[in-house]
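S.K.: The structure is given below, and queries will be raised subsequently.
The values are calculated or read from the model by the stated rules, or taken from the named source; none is laboratory data. Only a predicted model underlies this, so the values are computations on that prediction, with no experimental measurement involved. Virtual Cβ from ideal backbone geometry, glycine too; neighbours counted across all protein chains shown. Surface accessibility is based on the protein's heavy atoms, side chains included, excluding ligands, DNA and RNA. Shrake-Rupley method; radii C 1.70, N 1.55, O 1.52, S 1.80 Å.
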Amino acid sequence: YGISGGAAVTVAVGEWKKNDEDWTADAGYVNEGDLVQVRGYASGSFSTTVTVTLTVGGVAGTFQIITRGYSASPTTFTFTDQTGVPLSSTITSNTITIAGAETALAVSITGGTYSKNGGAYGAGATTASNGDTFTLRHTSAVGVSSIVNTTLTVGGYTDTFSSTTAGADITPDAFTLTPTTQGLPSQLVYSNVATITGINVATPIVVTPGCEFQVNGIGGWVTTGTITTGQTLQVRGLASARVGTTTNYSVTVGTVAVTFAVYTALIIDTDF
């Protein structure tokens with residue numbers, strides 16, 4: 001409105017059309033009562049403004065197209081918690097893949113390390129884009145029934161990988177104790193050295209009277225004490241004073257008892 005004759009029209013950074021005519025970027029003319037409309041392309045970047053300007057008879061009007069800001073978070077991802085893990089052991093999570101990121105997102109970790117795209121494990125800051133993979137790792141707790149948490153933050157999203165150690169296990173793997181020396185009357189007979197495994201706490205050792213043991217070959221021979229996984233156990237017991245007799249000693253580690261059988265051999269006098 002407000003023009004008495006045809007008015008020149010130009011458009012910048014877009015297109016315009018008059019009434020029901022086709023869209024164009026070329027200059028043209030309008031008359032009183034004509035309807036005009038403009039359009040333009042949104043920017044290829046986030047949070048960016050594109051301004052289309054239509055000038056009619058020297059008077060300019062603008063149309064602004066503003067792109068939205070990028071999402072600060074990727075699509076949600078989940079690390080699967082683990083239970084019943086061994087004590088003081090390296091625990092590795094499942095691998096997650098980043099998706100839904102609209103820009104490179106900052107990555108940080110607490111309580112452990114990560115591997116990005118199968119690379120070396122580390123804890124330094126990095127960035128993540130779509131298709132990147134992450135695997136977490138930490139050392140499990142030193143105590144039974146205890147939790148360790150590792151938290152990965154990607155942009156505005158966070159997930160925690162947890163491992164919980166198993167409860168107390170005082171049932172060792174199978175082991176045997178057999179004499180390694182000949183049993184002579186009323187003399188000490190020594191067993192083999194057995195390595196105890198399969199337990200996850202200090203486990204008590206109980207022996208019957210007349211029997212003693214030593215853990216890891218250190219210190220004196222004792223009748224009470226404990227052992228942990230990976231340590232060695234050796235026992236000794238008195239042979240009977242009567243030849244041809246077997247003395248059975250019970251050696252119990254946690255919930256497992258074995259027999260240390262000492263046979264008293266006949267003494268052969270070579271002088272006769």
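S.K.: Scan the range 1-12 for residues that are out of contact with any Phe, Trp or Tyr (no Cβ under 9 Å at 6 or more places or on another chain) and at pLDDT 95 or above and report the count.
M.R.: The qualifying residues number 2.
S.K.: Which of the residues spanning the range 224-233 are open to solvent by 40 Å² or more (accessible area, probe 1.4 Å) and part of a strand (DSSP E or B)? If you could, list the steps in order and put the result at the bottom.
M.R.: Looking only at the range 224-233, we keep the residues that are open to solvent by 40 Å² or more (accessible area, probe 1.4 Å), and these are 224, 226, 228-231.
Matches in the range 224-233: T224, T226.
S.K.: Determine which single condition I218 fails, assuming it passes every other condition in (1) more than 30 Å from T92 (Cβ to Cβ); (2) open to solvent by 40 Å² or more (accessible area, probe 1.4 Å); (3) of a type in the set (V, I, T); (4) modelled with pLDDT of 95 or more.
M.R.: Single failed check for I218: (4).
S.K.: So, one more: Looking at N149, N192, can you tell me which residue is at pLDDT 95 or above, closer than 30 Å to E102 by Cβ and either under 19 Å from the mean Cα position of the chain (by Cα) or of a type outside the set (A, V, I, L, M) (or both)? Even if it seems obvious, please write down each step before you answer.
M.R.: Working: N192 fails: closer than 30 Å to E102 by Cβ.
Only one candidate passes the filter, namely N149.
S.K.: Being without any contact (Cβ under 8 Å) to a residue 60 or more places away in the chain, open to solvent by 70 Å² or more (accessible area, probe 1.4 Å), assigned to a strand (DSSP E or B) and aliphatic (A, V, I, L, M), is that true of even one residue in the range 134-154?
M.R.: Yes, the range 134-154 contains at least one residue that is without any contact (Cβ under 8 Å) to a residue 60 or more places away in the chain, open to solvent by 70 Å² or more (accessible area, probe 1.4 Å), assigned to a strand (DSSP E or B) and aliphatic (A, V, I, L, M).
S.K.: Evaluate the range 111-127: report whether one residue or more is more than 30 Å from I3 (Cα to Cα), buried (at least 17 other Cβ atoms within 10 Å of the Cβ) and either at pLDDT below 95 or more than 16 Å from the chain's Cα centre (by Cα) (or both).
M.R.: Within the range 111-127, one or more residues are more than 30 Å from I3 (Cα to Cα), buried (at least 17 other Cβ atoms within 10 Å of the Cβ) and either at pLDDT below 95 or more than 16 Å from the chain's Cα centre (by Cα) (or both).
S.K.: Among the residues of the range 52-61, write down those that are open to solvent by 50 Å² or more (accessible area, probe 1.4 Å), in a strand (DSSP E or B) and out of contact with any Leu (no Cβ under 8 Å at 6 or more places or on another chain).
M.R.: V59
S.K.: Same structure again: Just to verify a result, which residue in the range 9-51, among those that are assigned to a loop (DSSP other than H, G, I, E, B) and of a type in the set (V, I, T), is least open to solvent (accessible area, probe 1.4 Å)? Walk me through it before giving the result.
M.R.: Restricting attention to the range 9-51, the residues satisfying the condition of being assigned to a loop (DSSP other than H, G, I, E, B) are 13-14, 19-23, 25-27, 31-35, 40-48.
If we keep only those that are of a type in the set (V, I, T) too, we end up with 13, 48.
Values: V13: 98, T48: 45 Å².
Looking at the filtered set, the residue picked out is T48.
S.K.: Scan the range 165-206 for residues that are buried (at least 18 other Cβ atoms within 10 Å of the Cβ), polar (S, T, N, Q) and touching a residue at least 60 places away in the same chain (Cβ under 8 Å) and report the count.
M.R.: Final tally of qualifying residues: 3.
S.K.: Considering only residues of the range 128-146 that are of a type in the set (A, V, I, L, M) and over 18 Å from A99 (Cβ atoms), which is farthest from the chain's Cα centre (by Cα)? Working first, answer last.
M.R.: Taking the range 128-146 first, the residues of a type in the set (A, V, I, L, M) are 128, 136, 141-142, 144.
Restricting the remaining residues to those that are over 18 Å from A99 (Cβ atoms) gives 141-142, 144.
Values: A141: 13, V142: 16, V144: 18 Å.
Looking at the filtered set, the residue picked out is V144.
S.K.: Residues in the range 236-253 that are outside any loop (DSSP other than H, G, I, E, B) and exposed (fewer than 14 other Cβ atoms within 10 Å of the Cβ): how many?
M.R.: The qualifying residues number 3.
S.K.: Search the range 68-97 for residues that are crowded, with 16+ Cβ neighbours inside 10 Å and pair each with any residue that is assigned to a loop (DSSP other than H, G, I, E, B) and of a type in the set (F, W, Y) when their beta-carbon atoms are under 7 Å apart and the residues are at least 6 apart or on different chains.
M.R.: Close Cβ pairs (under 7 Å, with a partner that is assigned to a loop (DSSP other than H, G, I, E, B) and of a type in the set (F, W, Y)) amount to S93/F79; I96/F77; I96/F79.
S.K.: What pairs can you find where one residue is in the range 254-272 and outside any strand (DSSP E or B), the other is at pLDDT 95 or above and among the polar types (S, T, N, Q), and their Cβ atoms are less than 6 Å apart, with a gap of 6+ or different chains?
M.R.: G254/T171; G254/T203; T255/T171
S.K.: Please verify whether the range 215-223 includes one or more residues that are out of contact with any strand residue (DSSP E or B) (no Cβ under 8 Å at 6 or more places or on another chain) and in a strand (DSSP E or B).
M.R.: no
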